[in-house]
Structures are given as structure tokens and as C-alpha cells.
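Remarks on the structure that follows.
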Amino acid sequence: MQQLNNIFELNNISKVYERKIAISSLSLTIKKGELVALIGPSGAGKTTLLNILANVLKSESGQLLISGVLSDKYNSGKKLAKKIGIIRQQFDLVGQLPVVHNVLAGRLVEWGFLKSLLSLIFPQEKELAKKALDRVGLLDKIYEKTSNLSGGEQQRVAMARLLVQKPEVILADEPVSALDPARAEDILSMLTKLVREENETLITVLHSVEYAKKYFDRIIAMREGKVYFDLPAEKVTDKLLSDLYDLKELN
Amino acid sequence: MKKKILLPKLKYKFNFVNFSILIAIVLIIASWMFIYKVDKADFGGLFTEKNAFYAKKFLKGMFGIGEETPAFKDAESWKNVLKLTYETLQMSVMAAGFASIGMLLTVIPAARNVAEGKLTLSKKWYNWILFGFIRVIYIFSRSVPELVWAMIIIFIFKPGIFPGALALAIHNFGIIGKLCAEVIEDTDLRPIRNLASCGASSGQILIYGVMPAVMPKFLTYILYRWEVIIRTTIVVGFVGAGGLGMDFKLAMSYFKYSEVTLILICYLFLVALADIVSEGARKLSS
Amino acid sequence: MNKISHSFDIHKKTILTLLLILAFIWSLFSVNWGPELVHTGGKATLAQIFESLFHPQLSSEIINLALIATWRTLSYAVAGMTLAIIIAILFGVLASGVLAKSELSRRFSKGVFRGILGFMRAIHELIWAWLFVASIGLTPYAAIFALAIPYGGILGRIFADIINDVPKEPIEALYSAGASRIQLLFYGYLPMAASDMISYTMYRFECAVRSSTVMSFVGLGGIGFQIQLALQDLNYNQVWTYMFFLIILVVLIDLWSNILRKRLVE
């Protein structure tokens, strides 16, 4: 019963890149509905971990359970897409297409080839796209060419796509690193709000500790491929953080 | 070379650019020597009285001097040549169309990132074989000039617009295929990976991720090749592929030089028209 | 109104594509589609041509002939390109307008020489060849001049563009150091434009070889001439032998120019 509540279970996961250890025997559990921020100095293995969770990378050893099922069992992209949605920096959208198609791309998992082809000329299930765009406040840009939008707006389009895709977990890889502070807060508060409303799980790699404490429930700090601390957001102290970012090389 | 090895202090660095310049100079000298010595092409011989006479006669003929009604003042000739101009235009469009269809059918497996499975995110063992096969066909078809293709095709098809268009299409298919395959190779992979994470199949990735990104550039290349094709349509006409070229050849063989002038006027008009249309269309597509 | 122009903006690519497809369909009406299109026995000929693709004639006699013909084609192309480069540098510099003293003379020189270059390249090299053969007779110079004119036109246009695109700061620095316009050309514009100019010339060289092949059509020698003779004898095996020589030549030059261009960028 308890397993059903765990969306991710990692047991002794390790990953090596060309003799450099990216992640060394890491064990973690992430429950349904949690909002997790992954922080730590660059090169700590945050993005590697996220890619392993996304099933894009395979770990060398250890096992990963997604909703209690071994990750190897998710061999089709369609099955995985219903479980996991991904949002990265703003370069994830097809810039040449109008916004509406980029949002409806979240439905590709359900659509056959012919329906997707038809949709490029006559957008299918347009109401769905409209609703999603309305929620991110971009309804008026529905037919705009995506590359004409600003970075923040593009991230909102990416969120609208996730609303249409309706995955159980959203993995975000530094979703606000290319944005200015005001825009970044805007996107993060919207993302966390939507995830709460949809009762989804969110795991985000973040550079900013401040944002992590402000918007997330749980903070996992990584250093040199290991979990440095794993605490509820309110229990993270400045002492812990300064230790985390302390440069060892100086000693 | 040997000396350089014996003197290790003098670091010998092979410089491809200097080496190429050396080859180019050798080639230039050898070519001119060959033309002068073996082909006995005497430069002074160009300026004999006989040549001057022919050149004068030819130029006079082109301006219609000494002719009662030069072709470019004759309504009947105009009508005939304008009809041929129209046909030539059709031939060029058909050729560009055939080349584009051929390209669209083959270009996806001809891109290196597709063969590697990076673009559609599906690896198949036959991808590399298909890639090599199509690339060899591209090289083959573009290395042979359109006129040579026309000479061969005319053995199979009767003279007319179609064999000309086909010859032009075969040559340009290779060029356009190579250019467009390179466009696909330059596609940004990030949106593609994200589409895959939305659960898109390789077919869906193709129409949502790849096509929108490459189509504008494909159109640009197709229009640019059409400009080149229209210049060349006259040439395939020489071997009996219809259009202005066929008439040009006849006019030359019957020494009807004023008709040559008329044909060249229409030809230049067509080339200028193609320049304007294709530039306008390219602006529209950008 | 705004909405209409907006929706035109979104769909203009689709409209353009549709227009192009319509143009293609229109062009198809120029042909009477049917069995009359093919010569009687055309299919058999096609099969024969295709079959001989795999059996090119490789006797030493033919290979010798092919080698000489290939070299002749190459040498005409090289000679034509030599003249084309000279023409292109002269006209290209004039068409770039960097030598002009006043704004007015700059515009004049740009307009006139760009026009001349445009005319030179508008006419296909084979037409030039024919015009030359008609006026100076059947000599290799007809082929060389015929190549030099359109290629001079293309190269000249591009050279002018390259010279115009040269970064302005070093030029201004030279100018304030008291360099004359000719000195600016030799110490500023040309050295900075050289690698791009060589790069583009190499790219065109490959095309020149193909054009040189086609010169055979007006009666000038080379690999194209051999292909034509073999075709007249219906000796398809020989045709392919010569074709393979041509393809190898083009591929080798393509390879050379690709490597050189990559090195020049570095």
C-alpha cells in the first residue's frame, strides 16, 4: 500500500561519465504530491539525477521504481509521457509553429498520426488548448508564432503544454535560469500553483536557494554525486547552505 | 621531405592552404601550357582577317543589318518565340517540381542525424545503408551536368518539354537533396527531445518538430534552384528538349542571327523575371 | 482589417507553398501524358543503359582516352577560371564602389558595374560558347572565354559583396593614418576579403568543371565530347566509363574545396 504512494523510489543508483562519478549509490524516495527542489553546486549531479528520473539516462547500477514499477518496464515513450512531463529552459518549443500547436503537442501521446497531421491545419481539441492558455494568461497569443514570444511567455506556453499533457510528475531542469528575477518568480509561483491545483508532483533543479525555500516543500541538496542533506524547506538553515557551497579546493 | 625529417629542429608543419595554392598555380600553368602546346591554340590566330570577317558578319546579323525584316521586328516571329518562352517557363517549373518531389521523398534518411537515430529517436539497423545509398545517388546525379543527362534521356523519350524537365530535375535533385539534408542536420534537437518526452511517435516528431523547422529553408533552396534552372532550360533545349533552346539551335544552324537576338531578348527577360519572382517569394517565406 | 492581415501573416508560408504547388500542377499541363511520350523501344533502351551502368568498358585504350579527355576538360575549366578571377577582381572592386571618391561616383560605379556583372552571368556559358564559336571559330579560346564571362560575372558580384562586408574599423584606422584609396584596397579590403574570396572561388571551381564538360556540345573537346561520341555509337558501356571519370573528377574537386574551405575558416 505504501508503495503506491511513492512516485519515485531510488535504490543505490550510480552513474559514471567517462571515469568521473556523477552519482554514487544514491537512495531516495519521493512521495506523490511533493514539491521538491534539487540544489547544490554545479557538477553535483543534479541534472544527471533528473535525467535518470526522466528515464532519459540509464543508471549503471541500482534500481529505479516509478510508481512501484521498475523503470525498464517503461519501454514505450507513450507510457512514460503519461507519467512524466518535462520542462527545461525555453528552447524546448518548436519556434516556427504557432503557440496553439505547441500546446496541443501535449496531446500527441493520445493522437494517431493522421489526427496530428490534420491538427496542423485545423487545430483539434482547441478548447483544451484555450483553457490551458487561459490558465497561464496567454489566451490572446494563441495564434502567435512561438519564437516571437518572450522567454517568460515561452515558459508559460511550455506549462500550458504540460497542463494538456497531464502527467503525474513534472520534472523541471532550471526552468527559470534564462529569465530575469521578476519573470523568474512569476514563472515559479505559477508553476507551483498549477502543480498544487492539479495534485501533481514537481521536482525542480534550481540554482537559487532563495526560490527553493520560498516555493518548495522539500529541499534535496546534492554535492559530489551524493545527497548532502534532505530536509523540509523550513528546516534548511544558512549554516547548512554555506557548508554546501563551501569550496573544498581552498583547504 | 626527407630533409625535413633529418632536421628535427626545423618543425615541418603541413599547411593545407599553402599546399592548395601551390597545386592551384601548378594547375594553372599546366592548363595554359596544354592548351597552347597540345591543342595548338594560337592566341594571335584569333585576330586574323578571316575571323574578323566572320565576327563582323555575325554581329551585323544579330542586329539585323542587311535583313529586310529582322526577326525582332516581325510579329510572327515574336508570337512564335513568346510561345516558346511560355513553354520554357513551364519546363523550368516542372523541373523544379520533380526535383523537389524527389528530394522530399529521400531527404530524411539522407541526413546524418537521422541515420544516427538522434532526430527521430529511433535506431534501425538499415538507417546507415539507406543513408549511404541515397548520398551516393545524390553525388551521382549532381556530378553529371544537365545537358549530359538530357543527351541520354533523349534516347528514351521523344523530344519535347518532358525529357528536358526530367534532365534538369535529375541534376538538381542531387544538389537540392544535399543542401536540404544539411538543413535537417542543423536542426535544433532540444524541441525534438521535448516532443519525445510528450510521448510523440517518430512520425509525429517529424511533422511537429522537424518539418516546421526545415520547411522555410527548403522553400528558399527550391526557389534559388529554380532561378538556376531557368537559366539552364535553354541549354537542354539544344539536344531536342523543346523550348527556347531548340529554336536557338535551329536559328544558329541556319544563320538566322536576328532570330538569335530575339530569342536572347526573351531569355534575358525570363531570367530577370525569375530573379524578381523568386526574391519576392523568399521574402514572403521568411 | 488588422485581424485579416494578422491571419495572412500566420498563413503566408502555407499560401506560398500552395501557390508553388499550383504552379507545378500548371506546368504539368504542358505535356501530353501518354505512351507517345516514349520512343518505340524506349523501355528496352532504358534497360540497356541501366544494365551497362554495371559493365563500364575498362580496356586500357578507353581509359587512356578518358584520362586525356578528363585532363582537357579540367584544363579548360582552370584556364577559364583564371580569366574569370581576373575579371572578377577588376569588376568586383569597381562594383563594390570602394575606389570612388564621392558619394555620386560611388553610386555610379556600383550601378554600372553591377549591371555589367548581372548581364554577364544572366546568359548561360553554353550560349556564350556558341556565340564565340560563331564569331572566332572552333578554338579552345571559345570555351575559355565562354567560361570566363559568366563565371567572372558570378564571382565579381560575390567579390563585391564580400568587399562591402569587410569590417569598417580597420579601414577607418588606415584611412586616418593617411592611406590613399588604392592603398586602402591593397592593405585593407583585399587582405581581409581574401579568404572568403578564395573559399567562394573554390566552390565555383567545381561548377566550372561541369560547365567545361558541356562545352563539347558546340564541338569543343574533352570528356563531354567523348560521352557524346559514345552515345552516337550507342556504346553505353563506354558512356558510363566516361561518366565515371567525370564523376570522380567532380568528387575529387569537391573534396579538395571542402577541406580547403574548412581550413580557411579556422
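Here are some notes:
- B:Gly177 meets each of the listed conditions (1) on the phi > 0 side of the Ramachandran plot; (2) in contact (Cβ under 8 Å) with a residue 60 or more places away in the chain; (3) among the small types (Gly, Ala, Ser) apart from (1).
- Verdict on A:Glu9 being farther than 30 Å from A:Glu127 by Cα, in contact with a Gly (Cβ under 8 Å, 6 or more places away or on another chain) and among the acidic types (Asp, Glu): yes
- Subset of segment C:59-77 (residues that are surrounded by 15 or more Cβ atoms within 10 Å (Cβ to Cβ) and in contact (Cβ under 8 Å) with a residue 60 or more places away in the chain): C:Ile62, C:Leu65, C:Ala66, C:Ala69, C:Thr70, C:Arg72, C:Thr73, C:Leu74, C:Tyr76, C:Ala77
- Subset of segment C:88-113 that is surrounded by fewer than 19 Cβ atoms within 10 Å (Cβ to Cβ) and under 30 Å from B:Val26 (Cβ atoms) - its residue that is farthest from the other protein chains (Cβ to nearest Cβ): C:Leu90
- All of C:Arg157, C:Arg204 fail the test of being farther than 18 Å from C:Leu264 by Cβ, assigned to a helix (DSSP H, G or I) and touching a residue at least 60 places away in the same chain (Cβ under 8 Å), apart from C:Arg157.
- Taking (1) within 29 Å of C:Gly224 (Cα to Cα); (2) of a type outside the set (Ser, Thr, Tyr); (3) surrounded by fewer than 20 Cβ atoms within 10 Å (Cβ to Cβ) in turn, B:Met215 satisfies each apart from (1).
- C:Ala148 being within 14 Å of chain B (Cβ to nearest Cβ) and in contact (Cβ under 8 Å) with a residue 24 or more places away in the chain: yes
- Evaluation of A:Val109 against (1) within 14 Å of chain B (Cβ to nearest Cβ); (2) in a helix (DSSP H, G or I) (one fails), failing number: (2)
- Checking segment C:119-137 against the condition returns a match, with at least one residue being on the phi > 0 side of the Ramachandran plot and surrounded by fewer than 18 Cβ atoms within 10 Å (Cβ to Cβ).
- Answer residue from segment B:223-259, given it is of a type in the set (Val, Ile, Thr) and touching an Asp or Glu at 6+ places or on another chain (Cβ under 8 Å) and is nearest to B:Leu59 (Cα to Cα) among those: B:Val235
- Residues that are part of a helix (DSSP H, G or I) and either touching a Ser or Thr at 6+ places or on another chain (Cβ under 6 Å) or in contact (Cβ under 8 Å) with a residue 24 or more places away in the chain (or both), drawn from segment A:132-154: A:Ala132, A:Leu133, A:Arg135, A:Lys141, A:Thr146, A:Ser147, A:Gly151, A:Gly152, A:Gln154
Listed here are the residues, each with its yes/no results for (1) assigned to a loop (DSSP other than H, G, I, E, B); (2) among the hydrophobic types (A, V, I, L, M, F, W, C); (3) surrounded by 12 or more Cβ atoms within 10 Å (Cβ to Cβ).
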{"position": "C:Trp26", "(1), (2), (3)": "no, yes, yes"}
{"position": "C:Val31", "(1), (2), (3)": "yes, yes, yes"}
{"position": "C:Glu36", "(1), (2), (3)": "no, no, no"}
{"position": "C:Thr40", "(1), (2), (3)": "yes, no, no"}
{"position": "C:Ala44", "(1), (2), (3)": "no, yes, no"}
{"position": "C:Gln48", "(1), (2), (3)": "no, no, yes"}
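- The combined condition, being surrounded by 13 or more Cβ atoms within 10 Å (Cβ to Cβ), under 30 Å from A:Arg135 (Cα atoms), at pLDDT 90 or above and out of contact with any Gly (no Cβ under 6 Å at 6 or more places or on another chain), is not fulfilled by A:Val209.
- Across segment A:152-178, the qualifying residues are those that are surrounded by 18 or more Cβ atoms within 10 Å (Cβ to Cβ), among the acidic types (Asp, Glu) and touching a strand residue (DSSP E or B) at 6+ places or on another chain (Cβ under 9 Å), and the one among them that is nearest to A:Phe8 (Cα to Cα) is A:Asp173.
- Subset of segment A:93-151 (residues that are among the hydroxyl-bearing types (Ser, Thr, Tyr), farther than 25 Å from A:Lys193 by Cα and surrounded by fewer than 17 Cβ atoms within 10 Å (Cβ to Cβ)): A:Tyr143, A:Ser147
- Against the test of being buried (at least 16 other Cβ atoms within 10 Å of the Cβ), more than 19 Å from A:Pro167 (Cβ to Cβ) and not aliphatic (A, V, I, L, M), the options A:Gly40, A:Gly85 yield a single qualifying residue, A:Gly40.
- Among the candidates C:Leu67, C:Leu53, C:Leu94, residue that is in contact with a Phe, Trp or Tyr (Cβ under 8 Å, 6 or more places away or on another chain) and closer than 30 Å to C:Tyr189 by Cβ: C:Leu94
- Per-region count, segment A:80-94, residues at the interface with chain B (Cβ under 8 Å from one of its Cβ atoms), part of a helix (DSSP H, G or I) and of a type in the set (D, E, K, R): 2
- Residue check, C:Ile116 within 13 Å of chain B (Cβ to nearest Cβ), aliphatic (A, V, I, L, M) and surrounded by fewer than 23 Cβ atoms within 10 Å (Cβ to Cβ): no
- Selection from segment C:210-256 of residues that are farther than 28 Å from C:Ile136 by Cα and more than 9 Å from chain B (Cβ to nearest Cβ): C:Asp233, C:Asn235, C:Asn237, C:Gln238, C:Trp240, C:Thr241, C:Tyr242, C:Phe244, C:Phe245, C:Leu252, C:Ile253, C:Leu255
The values are calculated or read from the model by the stated rules, or taken from the named source; none is laboratory data. From a predicted model like this one, the values you see are computed outputs, not experimental measurements. Using ideal geometry, Cβ is built from the backbone for each residue, glycine included, and neighbour counts are taken over all protein chains shown.
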